[in-house]
Amino acid sequence: MLHGNTTPTRSIGRKNPRHFSTTMKKNVLAMSYAGMTIEQISKRLCKSVESVKKYRQSIFSKLGTTNITESIACAISRCLF
């Protein structure tokens with residue numbers, strides 16, 4: 001769902017935020033950007049709410065943010081969408 005170079009690499013995280021380690025994290029971020037709730041995302045991806053929360057926490061860690069709003073703003077500013 002995200003555009004651009006999203007090939008996983010070993011340099012994941014703040015050093016190279018264009019790269020996410022899984023497609024699932026990319027999908028969670030994109031669905032959050034689209035305004036979907038955690039519950040809606042979990043149903044769409046056939047994952048538990050807890051799994052979606054863990055994916056979000058991983059996204060926060062990789063982008064150096066503390067919540068989904070900051071993560072979306074960071075992704076937009078870094079042209080990850």
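The values are calculated or read from the model by the stated rules, or taken from the named source; none is laboratory data. Quick caveat, the model's predicted, so the values are computed rather than measured. Note: ideal-geometry Cβ built from the backbone for every residue, glycine included; neighbour counts use all protein chains shown. Just the protein is used for accessible areas: all its heavy atoms, side chains included, with ligands, DNA and RNA removed. Shrake-Rupley method; radii C 1.70, N 1.55, O 1.52, S 1.80 Å.
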Exercise for review: Quickly run through region 15-47 and pick out the residues that are modelled with pLDDT under 60 and either surrounded by 14 or more Cβ atoms within 10 Å (Cβ to Cβ) or closer than 13 Å to Cys79 by Cα (or both).
Suggested key: Asn16, Pro17, Arg18, His19, Phe20
Practice item. Please tell me if Ile12 is of a type outside the set (D, E, K, R), more than 15 Å from Ile76 (Cα to Cα) and either open to solvent by 80 Å² or more (accessible area, probe 1.4 Å) or modelled with pLDDT under 95 (or both). Key: yes
Check your understanding: Within region 48-81, restricting attention to residues that are exposed (fewer than 14 other Cβ atoms within 10 Å of the Cβ), β-branched (Val, Ile, Thr) and part of a helix (DSSP H, G or I), which residue is modelled with the lowest pLDDT?
Key -> Ile76
